[in-house]
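Scroll down for the structure; my scribbles are underneath it.
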Amino acid sequence: MPYKWEKLVSLTTPALGATLSGDGVSFAVFSRQAHAVDVCLFDAENPARETTRVRLERDDEDVWRGFVSGIKEGALYGFRAYGPWEPDKGLWFNPRKLLLDPYAKAISGDHNWHPLMQNIAANGTADFRDNGRTALKSVVISDEFDWEGDALLQTPWSDTVVYEMHVRGYTMKHSGVPKKLRGTYAGMAEPAVIEYLKDTGVSAVQLLPVHQHLDDGFLIKRGLTNFWGYNTIGFFAPHSEYAAARDAQSQVIEFKKMVRALHRAGIEVILDVVYNHTAEGDENGPSIFLRGLDNTGYYLTNGDARTLNYTGCGNTVNAASPPALRLIMDSLRYWVEEMHVDGFRFDLAATLGRRGEQFDYFAPFFQAVAQDPILSRVKMIAEPWDMGPNGYQVGGFPKPWRELNGRYRDDARLFWTGSPWATADLAKRFCGSDDIFGPGNRSPLTSLNFLTSHDGFTLRDALSYHDKQNLANGEDNRDGDNQNHSWNCGVEGETKDSAVLALRRKIARSMLATLFCSLGVPFLNAGDERWRTQRGNNNAYCQDNEISWIDWSENAETRAMQSFVKRLALFRKAHPVLRRAQHFDGRIDPVTGKADVSWFDVLGDPMPREMWHTSDTTFFASMINDIGRGNDASAQKTLFFLFNTSPKNIAFALPEGRWSLAFDTAREVSFVDTAVIFEQGKSFPCNARSVACLVLE
């Protein structure tokens, strides 16, 4: 049943932030260390001009509160916090710096780094220059919106196909989107975009960060921007650059309309959220909101009161501290209740599970989410690692969290690019990674299986480049991962060699077929189904241009690949055994006499255990049955998969039965619409570097 939006007033009435109330606005902001806090109002027509300053009063929970009459939605404001300037104690109070409201629902102004944001001057001394004229401003927003009966979709995990995409990059070149709407939330709501998503088989879009972010100063100097947006300055505010509307209230409404349109098409909206760090960086970074309000209350610090950097971005939010935990939880509930999103993918989620330096399975954040009546209803996905001690936590999160399975990506790439010793690991990933999630009694549907994501090579580039090509980022090709598990198929980069191109497409089809037929949840990187290239750039975080934008031009390759992915999604939907919530156990069912999974070697014999772990085993076959799934004939289909990553064709003797070919990735048109039948005893031609699936008649 769809979840009806019945607000829990005690949870959603904002105790913090700016709340419209009667003939004015109530302001509230947390700071335990401050001696005083002012709210400053600015002229909406001339944001550089401060019009009013009101001293807030502290309550017994260290929240500074005040009411300003005569203002309404659209009002611009910020905070000035007074307190000790004692960097050696982690205290950075500087009332000359206007601070954003951590609970601001919209942010106005230039989202580029500005030198007046700095607490520390270039010579290392304190910077007490006032930045009120140039600073970003928080905006008072009304939550009123007619959702027209919209409801949380709650698509079961077994029916979920996640599609990772960037709001701006997805539509910048889309001819079906009006030019004025390209790169915006409104553009995402256009019928041409939504119909394409539905046709491809997508059930949920996962949007790269849409929280308001800051463009780094070092990137601006290079003529670049923080395109991915992992540089948050507003946990409640949609990024203004992705809106076609210019005023803040309309931008929030535009985001809501996008969600409503996607929901009407049956497509969930999942946000990639960054709560592990902020754009304030280390002590040499800008002072924008949390550092100037309560640095030690929001960030992890070491014994010298310096920020700990477990994220690679300068600072680490202390999700175990009450103010930071409250901020994160209030933000998440806001996006569910007021913006109607269906779930979240947490960037560097291991950071949120830290209690001090150590990752903790029972961390306060995990416990808070588990008992929350709002968040327990939505999809929660962890990127289960960070850069801190014991930071790689694939398989280490508590129920009901789902995890991006980096082991799946690596093992699938290693197998299909011909690496030795990869066969056993690929079989484990194909079966839902029981070795990773089984010990915790967690379902195969815990695993979000992926081949590529925004971070790294596209699928096409993983089969076209041995080495990354990141010179456009301005870091002499030093940035980006050096371990890509890629293979250029004999030629580095783009080529006109038809044999090389055909090989790349065949391996890509094999990888995609493996992805959609594996137990777990398929996770597709936008554009892979269109055979997209980033010209070998495996870290395009700063490329707001054609390197990152989806190419919507049509050719035979793009049409064929998109059609293939569409057919894979339909095939997965038609066979419940591929979407099961239980791991295989291999035991014989006493009623049917069949095992739920059986394994075969290149001769058609049961696979010996020792053969899994030899460097020259490059083939295996698997027969899977959906034992005990009811009377639905489609649920009882026996599927037979043949995986051949060797460079040689294999004639495989099929087991007992009459087998119909479903697909064969060795074929350019892989799915078979006219029945091709193979009887027992006949050999099936399993071609090099391909996967085929047959169905028992």
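The values are calculated or read from the model by the stated rules, or taken from the named source; none is laboratory data. Predicted model, so just to flag it, every value in this text is computed and none were measured. Ideal geometry is used to build each Cβ from the backbone, glycine not excepted, and the neighbour counts take in all protein chains shown. These area figures cover heavy atoms from the full protein model, side chains too; ligands, DNA and RNA do not enter into them. Shrake-Rupley method; radii C 1.70, N 1.55, O 1.52, S 1.80 Å.
Tabulated data for the structure shown
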{"item": "Single condition Ile71 does not satisfy, out of (1) open to solvent by 60 Å² or more (accessible area, probe 1.4 Å); (2) closer than 22 Å to Ser142 by Cβ; (3) not in a strand (DSSP E or B)", "result": "(1)"}
{"item": "Among (1) under 21 Å from Gly418 (Cβ atoms); (2) surrounded by fewer than 16 Cβ atoms within 10 Å (Cβ to Cβ); (3) in contact with a Leu (Cβ under 6 Å, 6 or more places away or on another chain) - the single one Ala621 does not satisfy", "result": "(2)"}
{"item": "Strands (runs of 3 or more DSSP E) (entirely within the stretch 648-697) containing at least 1 residues that are of a type in the set (A, V, I, L, M)", "result": "650-653, 658-664, 677-679, 690-696"}
{"item": "Any hit, the stretch 690-697, residues being among the β-branched types (Val, Ile, Thr) and closer than 26 Å to Ala502 by Cα", "result": "yes"}
{"item": "Residues within the stretch 479-500 that are basic (Lys, Arg) and surrounded by 11 or more Cβ atoms within 10 Å (Cβ to Cβ), tallied", "result": "0"}
{"item": "Residue selected from the stretch 366-410 under the condition under 20 Å from Trp157 (Cα atoms) and among the hydroxyl-bearing types (Ser, Thr, Tyr), by the criterion most open to solvent (accessible area, probe 1.4 Å)", "result": "Ser376"}
{"item": "Pick from the stretch 626-635, criterion open to solvent by 10 Å² or more (accessible area, probe 1.4 Å) and in contact with a Ser or Thr (Cβ under 9 Å, 6 or more places away or on another chain), ranking: modelled with the lowest pLDDT", "result": "Gly628"}
{"item": "Single condition Asp294 does not satisfy, out of (1) of a type in the set (D, E, K, R); (2) surrounded by fewer than 24 Cβ atoms within 10 Å (Cβ to Cβ); (3) farther than 28 Å from Phe523 by Cβ; (4) touching a Lys or Arg at 6+ places or on another chain (Cβ under 8 Å)", "result": "(2)"}
{"item": "Qualifying residue in the stretch 80-87 (condition: at negative phi, assigned to a loop (DSSP other than H, G, I, E, B), among the small types (Gly, Ala, Ser) and touching a residue at least 60 places away in the same chain (Cβ under 8 Å))", "result": "no"}
{"item": "Glu164, sole failed condition from (1) among the acidic types (Asp, Glu); (2) out of contact with any strand residue (DSSP E or B) (no Cβ under 7 Å at 6 or more places or on another chain); (3) more than 22 Å from Leu136 (Cα to Cα)", "result": "(2)"}
{"item": "Which numbered condition Gln562 misses (of (1) assigned to a loop (DSSP other than H, G, I, E, B); (2) within 25 Å of Ile270 (Cβ to Cβ); (3) open to solvent by 20 Å² or more (accessible area, probe 1.4 Å))", "result": "(1)"}
{"item": "Total residues in the stretch 368-406, condition out of contact with any helix residue (DSSP H, G or I) (no Cβ under 6 Å at 6 or more places or on another chain), among the aliphatic types (A, V, I, L, M) and part of a helix (DSSP H, G or I)", "result": "1"}
{"item": "Scope the stretch 87-139; condition among the charged types (D, E, K, R), open to solvent by 20 Å² or more (accessible area, probe 1.4 Å) and more than 34 Å from the chain's Cα centre (by Cα); matching residues", "result": "Asp88, Lys89, Arg96, Arg129, Asp130, Arg133"}
{"item": "Scan of the stretch 319-329 for residues that are part of a loop (DSSP other than H, G, I, E, B) and either free of Cβ contacts under 8 Å to residues at least 24 places away in the same chain or open to solvent by less than 10 Å² (accessible area, probe 1.4 Å) (or both), ordered by number", "result": "Ala319"}
{"item": "Selection status of Met387, touching a residue at least 24 places away in the same chain (Cβ under 8 Å) and touching a Ser or Thr at 6+ places or on another chain (Cβ under 7 Å)", "result": "yes"}
{"item": "Residue identified as in contact with a strand residue (DSSP E or B) (Cβ under 9 Å, 6 or more places away or on another chain), assigned to a loop (DSSP other than H, G, I, E, B) and either open to solvent by 50 Å² or more (accessible area, probe 1.4 Å) or of a type outside the set (Val, Ile, Thr) (or both) among Leu519, Leu568, Leu515", "result": "Leu519"}
{"item": "Arg413 being open to solvent by 10 Å² or more (accessible area, probe 1.4 Å), charged (D, E, K, R) and touching a His at 6+ places or on another chain (Cβ under 7 Å)", "result": "yes"}
{"item": "Asn315 being open to solvent by 20 Å² or more (accessible area, probe 1.4 Å) and in a loop (DSSP other than H, G, I, E, B)", "result": "no"}
{"item": "Answer residue from the stretch 456-478, given it is of a type in the set (Lys, Arg) and farther than 25 Å from Val565 by Cβ and is most open to solvent (accessible area, probe 1.4 Å) among those", "result": "Arg478"}
{"item": "Matching entry among Val29, Val25, Val39 (being within 29 Å of Glu144 (Cβ to Cβ), hydrophobic (A, V, I, L, M, F, W, C), surrounded by 23 or more Cβ atoms within 10 Å (Cβ to Cβ) and touching a Pro at 6+ places or on another chain (Cβ under 8 Å))", "result": "Val29"}
{"item": "Residue ID - nearest to Asn545 (Cα to Cα), chosen from residues in the stretch 223-262 that are outside any loop (DSSP other than H, G, I, E, B) and out of contact with any Phe, Trp or Tyr (no Cβ under 9 Å at 6 or more places or on another chain)", "result": "Glu241"}
{"item": "Complete set of residues in the stretch 472-490 that are assigned to a loop (DSSP other than H, G, I, E, B), out of contact with any His (no Cβ under 9 Å at 6 or more places or on another chain), in contact (Cβ under 8 Å) with a residue 24 or more places away in the chain and over 23 Å from Ser670 (Cβ atoms)", "result": "Gly474, Asp479, Gly480, Asp481, His485"}
{"item": "Condition check for Thr533: within 11 Å of Arg460 (Cβ to Cβ) and in contact (Cβ under 8 Å) with a residue 40 or more places away in the chain", "result": "yes"}
{"item": "Matching residues, the stretch 433-455, being under 30 Å from Lys468 (Cα atoms) and either open to solvent by less than 10 Å² (accessible area, probe 1.4 Å) or of a type in the set (D, E, K, R) (or both)", "result": "Ser433, Ser447, Leu448, Asn449, Phe450, Leu451, Thr452, Asp455"}
{"item": "Count - residues of the stretch 339-365 that are open to solvent by less than 10 Å² (accessible area, probe 1.4 Å) and either without any contact (Cβ under 8 Å) to a residue 40 or more places away in the chain or part of a helix (DSSP H, G or I) (or both)", "result": "6"}
{"item": "Given (1) buried (at least 19 other Cβ atoms within 10 Å of the Cβ); (2) free of Cβ contacts under 8 Å to residues at least 60 places away in the same chain; (3) more than 19 Å from Cys431 (Cβ to Cβ); (4) polar (S, T, N, Q), index of the condition Ser690 fails", "result": "(2)"}
